[in-house]
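Undergrad: Below: one structure in structure tokens.
The values are calculated or read from the model by the stated rules, or taken from the named source; none is laboratory data. None of these values were measured; they are calculated from a predicted model. Virtual Cβ from ideal backbone geometry, glycine too; neighbours counted across all protein chains shown. Note: areas computed on protein heavy atoms with side chains; ligands, DNA, RNA excluded. Shrake-Rupley method; radii C 1.70, N 1.55, O 1.52, S 1.80 Å.
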Amino acid sequence: MQNILTYIFLLPLIIAVAMLFIPAERWKLFRRLSLTTIGVQLVLSVMLMVNFDQSLSPNSWSTGFQFVERADWITMSFGSVGSISIAYFLGVDGISLPLVALSSFVLLIGVISSWNIQEKAKGYFILYLVLSSSIIGCFIALDLFLFYLCFEFMLLPMFFLIGIWGGERRSYASIKFFLYTLFGSLFILVVMIVLYLSVVDGNANTFSLVQMLDGNYSPGSVLDPNSPQLIFGYSARVLAFIFLIIGFGIKLPAVPVHTWLPDAHVEAPTPISVVLAGLLLKVGAYGLIRIAYGIFPDAATEYALFVAVIGVLSILYGGLNALAQRDLKRMVAYSSISHMGFVLVGLASLTAVGFAGALFHMVSHGLISPALFLIAGVIYDRTGNRQMENFSGLAGKMPVYTFFMAIFFFAGLGLPGLSGFVGELMVLMGAFGSSQFSLWIGILATLGIAISAAYFLWTIQRMFYGKYFVREPNWEPNMFDLTAREKLMLIPLVILVILLGIFPRLILDYSNESINFFIQQVSNFQP
């Protein structure tokens, strides 16, 4: 298992570089190479899970990561002024490992969904593989500079994938996505620099996330929790935490910095919507867990109610907007905003069950949301339209499609026995049992489940029940049921959604020890 993380991380990037030297007209080769590459990445991720020691109980973050790889990467000396040292530092724990496996799986679904891409296929698949490496890199990087590099590298491929292969308003959507994400990244960059100047490894400043998580601060530094400095009357640690909430909250996204998401989803091609909903939103949530909450537990405790309120606003606002939509894909986009609000509520609870629920919900949503976008993409591929009022009685015309749609809609609204129920239940248990805020947070979050049931069930009633019709007569010949390729994408998603709903331990057993240690560290700052 030596260097397995490097193989998972860099293999897509190496293949992307190799594709540069292949003639553009060989578009079939590009998709086959991409499928093989991501398939190998998934196999390696499964090997990672099989060989992961679930029983490892860390006593510090330096002993909490497995499959660690470290090498000096960039070292620059400036004489008496100092030096900069950046390491190629990788590792996984019970928090990041499920997200690595999720990423490999969803990326494979995205490649299969991209099978019909023929126009500019060379550029598309090169960008897709670069995006794949960047996403995986965010989840396994233990050097904050490397994390930030991967976080930023996600921006460029996604910008071009939406801007070139997207819908009619693709330029507007891609630019909006770029500006929002870049704006958020600036807040993260400021905190990264200040952390580097405050944290030491031995006698030298470091970007090591492990040292930051273990709190190895230089005495008297800006972020030293033993002698916190004030900036404009506020603790520097509190300001750093708020900056991270803004930066990662945009990527999550949370209300009110969410407006880029519906436009990006609607204009993105279906495979990119799959990756965007399944993985990029999870990078924002992972950044909150690993960096904001991991490094600044004192500020997280002080501002728990603030984060919980943002989570509840996201749940309710996203749900009500989803209820008002007529475009199927836009409805699913707003439902993602609503469901990611549960992650914030789980984190804000500062309880083990809330944290575990937030992580499980991230994995569950990473399966359900891509499936919903695939469902919306099937209708759009057939008709070129996603307006729900243009369809009725599809259950009789497309029974297999209706079956898959029903499974994922019920998973999205939290039906027991499916994965969506487990994550939401654990988050609500954390919210009701938290000492950080009143019961009203849990009550309002529960209301979001009722709203999600309303928009999912209403969509089923409008589009699938009643007398069959499609608004435009010329669409009629195109309304055929799922193809073999579409079933190939949806069947594994259905299996995992059901499997995790019945056996949540498949995820929770990996994360228990890491989350318990995480909460133990945070509890030191709770009143």
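Undergrad: If I filter the range 72-81 for residues that are under 30 Å from residue 505 (Cβ atoms) and either out of contact with any Pro (no Cβ under 8 Å at 6 or more places or on another chain) or surrounded by 15 or more Cβ atoms within 10 Å (Cβ to Cβ) (or both), do I get at least one hit?
TA: No; the residues of the range 72-81 include none that is under 30 Å from residue 505 (Cβ atoms) and either out of contact with any Pro (no Cβ under 8 Å at 6 or more places or on another chain) or surrounded by 15 or more Cβ atoms within 10 Å (Cβ to Cβ) (or both).
Undergrad: From the residues in the range 122-145 that are among the β-branched types (Val, Ile, Thr) and under 19 Å from residue 102 (Cα atoms), which one is farthest from the chain's Cα centre (by Cα)?
TA: 130
Undergrad: Which residue, of 21, 9, 89, is among the hydrophobic types (A, V, I, L, M, F, W, C), open to solvent by less than 40 Å² (accessible area, probe 1.4 Å) and not in a strand (DSSP E or B)?
TA: 9
Undergrad: Here's a follow-up. Having 3 or more residues that are within 25 Å of residue 482 (Cβ to Cβ) and either at pLDDT 95 or above or open to solvent by 10 Å² or more (accessible area, probe 1.4 Å) (or both) is the bar; report the helices (runs of 4 or more DSSP H) wholly within the range 349-461 that clear it.
TA: Answer list for the range 349-461: 352-383, 394-397, 399-412.
Undergrad: Do we have residue 526 as exposed (fewer than 14 other Cβ atoms within 10 Å of the Cβ), of a type in the set (S, T, N, Q) and modelled with pLDDT under 95 here?
TA: no
Undergrad: Follow-up. Can you tell me which of (1) under 17 Å from residue 185 (Cα atoms); (2) of a type in the set (Val, Ile, Thr); (3) within 11 Å of the chain's Cα centre (by Cα) is the one residue 275 doesn't meet?
TA: The one condition residue 275 does not meet is (1).
Undergrad: Let me ask something else about it. Inside the range 284-311, can you point out the residues that are open to solvent by 20 Å² or more (accessible area, probe 1.4 Å) and either in contact with a Pro (Cβ under 8 Å, 6 or more places away or on another chain) or of a type in the set (A, V, I, L, M) (or both)?
TA: If the condition is that a residue be open to solvent by 20 Å² or more (accessible area, probe 1.4 Å) and either in contact with a Pro (Cβ under 8 Å, 6 or more places away or on another chain) or of a type in the set (A, V, I, L, M) (or both), then 298, 305, 309, 310 are the ones that fit.
Undergrad: Output yes when any residue across the range 351-370 is aliphatic (A, V, I, L, M) and more than 21 Å from residue 418 (Cβ to Cβ), and no when none is.
TA: Checked the range 351-370: at least one residue is aliphatic (A, V, I, L, M) and more than 21 Å from residue 418 (Cβ to Cβ).
Undergrad: Among the residues of the range 312-332, write down those that are open to solvent by 20 Å² or more (accessible area, probe 1.4 Å) and of a type outside the set (D, E, K, R).
TA: 313, 316, 317, 320, 321, 323, 324, 325
Undergrad: Being out of contact with any Leu (no Cβ under 6 Å at 6 or more places or on another chain) and either among the basic types (Lys, Arg) or more than 11 Å from residue 329 (Cα to Cα) (or both) is the filter here, so list the residues in the range 255-268 that pass it.
TA: If the condition is that a residue be out of contact with any Leu (no Cβ under 6 Å at 6 or more places or on another chain) and either among the basic types (Lys, Arg) or more than 11 Å from residue 329 (Cα to Cα) (or both), then 256, 257, 258, 259, 260, 261 are the ones that fit.
Undergrad: Now for a separate question. Would you mind finding the one in 250, 242 that is surrounded by fewer than 21 Cβ atoms within 10 Å (Cβ to Cβ), within 21 Å of residue 290 (Cα to Cα), modelled with pLDDT of 85 or more and not aromatic (Phe, Trp, Tyr)?
TA: 242
Undergrad: Go through the range 469-501 and count every residue that is at pLDDT 95 or above and out of contact with any helix residue (DSSP H, G or I) (no Cβ under 9 Å at 6 or more places or on another chain).
TA: The qualifying residues number 1.
Undergrad: Still on this structure, please answer the following. When the residues of the range 98-148 are filtered to those that are at pLDDT below 95 and part of a loop (DSSP other than H, G, I, E, B), which remaining residue is surrounded by the most Cβ atoms within 10 Å (Cβ to Cβ)?
TA: Only one residue tops the list, namely 114.
Undergrad: Among the residues of the range 159-213, which ones are among the aliphatic types (A, V, I, L, M), open to solvent by 20 Å² or more (accessible area, probe 1.4 Å) and within 25 Å of residue 86 (Cβ to Cβ)? Step through it out loud before you land on a result.
TA: Start the filter on the range 159-213 by keeping residues that are among the aliphatic types (A, V, I, L, M), which leaves 161-162, 164, 173, 175, 179, 182, 186, 188-195, 197, 199-200, 204, 209-210, 212-213.
Retained after the next criterion (residues that are open to solvent by 20 Å² or more (accessible area, probe 1.4 Å)): 164, 175, 179, 182, 186, 189-190, 193-194, 197, 200, 204.
Matches in the range 159-213: 182, 186, 189, 190, 193, 194, 197, 200, 204.
Undergrad: Kindly establish whether residue 52 is of a type outside the set (D, E, K, R), open to solvent by less than 60 Å² (accessible area, probe 1.4 Å), over 30 Å from residue 203 (Cα atoms) and outside any helix (DSSP H, G or I).
TA: Numbers: of a type outside the set (D, E, K, R): yes; open to solvent by less than 60 Å² (accessible area, probe 1.4 Å): yes; over 30 Å from residue 203 (Cα atoms): yes; outside any helix (DSSP H, G or I): yes.
In short, yes.
Undergrad: Return a yes/no flag: does the range 28-35 have any residue that is open to solvent by 30 Å² or more (accessible area, probe 1.4 Å) and either outside any helix (DSSP H, G or I) or closer than 19 Å to residue 96 by Cβ (or both).
TA: No, every residue in the range 28-35 fails to be open to solvent by 30 Å² or more (accessible area, probe 1.4 Å) and either outside any helix (DSSP H, G or I) or closer than 19 Å to residue 96 by Cβ (or both).
Undergrad: State the number of residues belonging to the range 91-121 that are under 16 Å from the mean Cα position of the chain (by Cα) and aromatic (Phe, Trp, Tyr).
TA: Residues meeting the conditions: 1.
Undergrad: Now, a different point. Restricting to the range 220-236, and then to whatever is of a type outside the set (Gly, Ala, Ser) and closer than 20 Å to residue 524 by Cα, can you tell me which residue is most open to solvent (accessible area, probe 1.4 Å)?
TA: The qualifying residue most open to solvent (accessible area, probe 1.4 Å) is 226.
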